[in-house]
Amino acid sequence: MTALAAGTVVISAESEGVRASKTYSIATNPVRALALDIKEDVILTGQVVHLNATAKTAAGAPVKDAVITWSYTYTPDDTTVAPGGPGIIDWGRFTANYPGRFTILAQSGNVTARKVIEAKPRDVVRRITVTGRGSIATTATSDLWPWTGKD
């Protein structure tokens, strides 16, 4: 649920004849601006970017307890077909899995700030050498798990 204005709201739910209600007081969001502190403009895929933002009042004072949520939009570069999950945001950090243009979005209430980061591919190519093979008979090690039980 999203509160649209300050005031009092009652949220009610009913299922199978059981009803419950809860009253909430909604305060005015003091956040009027978000100042982003993300230094990177260009990164390599796999590089970790620390996401830092400071919520501020109209007078410019920091809002210490403001909840800031992070997300991103993605535009692939010319070498990539748009993959699913091109980046990861977790625990205040961002990592690009694929090259392209990421717009990092910070939001607190209805206030949003953006930072565009270009992710370049890592130019890592190395031959691998198979030094041995072995079988593991005690554990299933494949995505194919045939079921051999009885009906």
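Kindly provide log₁₀ I(q)/I(0) values, in the same order as q = 0.13, 0.19 Å⁻¹, from the Debye equation applied to equal alpha-carbon scatterers of the stretch 15-151. Log10 I(q)/I(0), no solvent term: -0.78, -1.07. Probing with 1.4 Å while keeping every protein chain in the model, the per residue accessible area of the stretch 1-84 equals 73 Å². Net length available on complete extension from THR8 to GLU118 is 35.2 nm, with 0.36 nm assigned per residue and the Cα-Cα distance removed. The ARG101 and ARG127 beta-carbon pair, evaluated with R₀ = 30 Å, returns a calculated FRET efficiency of approximately 0.45. Restricting attention to the chain, close to 95% of DSSP beta bridges with both partner residues there are antiparallel. The label-point distance for ASP90 and ARG32, in a model that sets each label 7 Å from Cα toward Cβ, rounds to 3.8 nm.
The values are calculated or read from the model by the stated rules, or taken from the named source; none is laboratory data. Quick caveat: nothing in here was measured; it's all calculated off a predicted structure. Neighbour counts run over all protein chains shown; Cβ positions are idealised from the backbone, glycine included. Note: accessible area is taken over every heavy atom of the protein model, side chains too, but ligands, DNA and RNA are not part of it. Shrake-Rupley method; radii C 1.70, N 1.55, O 1.52, S 1.80 Å.
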